[in-house]
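Working notes for the structure below.
No value in this document is a laboratory result; all are computed from the given coordinates. Note that the structure is a prediction, hence the values are computed from the model and not measured. Note: ideal-geometry Cβ built from the backbone for every residue, glycine included; neighbour counts use all protein chains shown.
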Amino acid sequence: MNDLIRSLVEAYGPSGFEDGVRDLIRPLIEPHADEVTVDALGNLIARKRATTGEANPLKVMIAAHMDEIGIMASHITEKGFLRFTNIGGVGSHTLLGGRVRFADGTLGIIGVDRMEDRNSIHPLNKHFIDVGATSRENCPVRVGDAAHFVRPFEARGRHLTAKSMDDRIGCAVAIEALRRLPADVSHDLYFVFSVQEEVGTRGAEAAANGIMPDVSIALDVTLTGDVPESRPMDVRLGAGPAIKVKDSGMIAHAGLVRLMRRRAEEAGIDYQLEVLEGGTTDARPMQLAGPGSVAGCISIPCRYVHTPSETVDASDVEGAVALLVTLLSADMEL
Ligand code: CO
Ligand code: ZN
């Protein structure tokens, strides 16, 4: 599975510019879906129809977001340096000395304006990007061009590190689950590879309003409380996928949480319960779409979220795939 993960996490896809990730995922899911479509926002939607002849099969939407955080050039100086704005949650403390790459392959180095106090952190607008240009005229980047952070994928035993585990690892879980599902399923499954999550769960909102699911499951990363002086949180790397109970944007459906726990226990899958105090996922817009849906989230614990070294544990990833497959393969008594 590491080859799949590597190709996904190294791909270019800041929010609004997910085309490359979509082109990568589409051929991987086509053999396992009855129908694959792309909507106006760019969401990639793979439908696997219920085959067991039920009159009103449940519509189940599974969402993992293709986009990643990044930056966008907002101003080019006379000397050819770029000022930029954030795409999604980019922390100033993650920038200095970092590298970004634009869609055309142009590499940029992030520098910072002169610092009086070396212990302080400059805000984002005091940083600039050096693409090797010497003037506005010979700068290969234009205002509005987007870049992602670059850092190669690394596997250290079970720990996997990359710049966009959030949420390409969710995409990997969805792809792998779709591959492993039995040919015959009793629900209408919609696997959505969503766009623009990092700027406010926009893609999933549009997709959910189109699909109108009965049941919604997001696949995304969550924070952990297992590094020095982290905010106390009972989620750690290597203890299994986390079944979300609450985050700052949604409270998971209690019946779906119970069902996920029961399926995990029956299948012998280690799991954790997640209460996340900051952040949310595509489960929020799915829960609130149309007349509302039964919503939950399977989270992959991740250290250093929104830095170029997001780190997950391969056994948690494997557990998330197993949990999703067992959940989707059987009846859902909610
Ligand atoms: Co994120
Ligand atoms: Zn995410």
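Taking the charge dipole of the chain about its Cα centre, with +1 at Lys and Arg Cβ atoms and -1 at Asp and Glu Cβ atoms, the residue from Thr224, Asn2, Ile129 reaching farthest to the positive side is Ile129.
Any chance you could check the Cα centroid distance between the range 1-34 and the range 59-130 for me, in angstrom? Cα centroid to Cα centroid, the span is 23 Å.
Evaluated at q = 0.11, 0.12, 0.21 Å⁻¹, the base-10 log of the normalised Debye intensity for the range 13-137, with identical point scatterers placed on the Cα atoms, takes the values -0.56, -0.63, -1.19. Remark: relative contact order (the range 70-149) = 44 percent; criterion is Cα-Cα distance under 8 angstrom and separation of 6 or more residues.
Quick note on the range 70-149: its Rg to Rh ratio, both from C-alpha atoms and Rh being the Kirkwood radius, is 0.95. The Rg/Rh ratio of the range 146-223, with Rg taken over Cα atoms and Rh as the Kirkwood radius over Cα pairs, comes to 1.02.
Taking Cα atoms, how many degrees apart are the long axis of helix 254-267 and the longest axis of the chain, rounded to 10 and kept between 0 and 90? With both axes taken from Cα atoms, the answer is about 80 degrees. In this Cβ point-charge picture (+1 for Lys and Arg, -1 for Asp and Glu), the range 207-299 has a dipole of about 240 debye about its Cα centre. Extending 7 Å from Cα along the Cβ direction at Arg158 and again at Leu107 yields two label points whose distance is 3.5 nm.
Summing Cβ point charges (Lys, Arg +1; Asp, Glu -1) relative to the Cα centre of the range 70-149 gives a dipole of roughly 60 debye. Against the chain, whose longest principal axis is taken from its Cα atoms, helix 165-180 shows a tilt of about 30°.
In units of the compact-protein estimate 2.2 N^0.38 Å, the chain shows a Cα radius of gyration of 1.01. Return one number: the angle in degrees, 0 to 90 and rounded to the nearest 10, between the long axis of the Cα atoms of helix 314-329 and the longest principal axis of the Cα atoms of the chain. On a 0 to 90 degree scale, this one is about 40.
Considering only alpha-carbon pairs that sit under 8 angstrom and 6 or more positions apart, the relative contact order computed for the chain is 22 percent. Length gained on full extension, Glu78 to Glu116: 11.2 nm, using 0.36 nm per residue less the C-alpha separation. Counting only Cβ charges, +1 for Lys and Arg and -1 for Asp and Glu, the dipole size of the chain around its Cα centre is about 480 debye. For Lys79, a cut-off of 30 angstrom between C-alpha atoms picks up these lysines, skipping any fewer than 8 places away in its own chain: Lys126, Lys163. Here the sum of -39500 (n - 2.57) over DSSP H runs of 4 or more residues, divided by the residues of the chain, equals -7500 deg cm²/dmol at 222 nm, to the nearest 500. The loop-placed trypsin sites (Lys or Arg not before Pro) in the range 83-154, going by DSSP, that have at most 16 neighbouring Cβ atoms within 10 Å of their Cβ come out as Arg114, Arg118, Arg136, Arg142.
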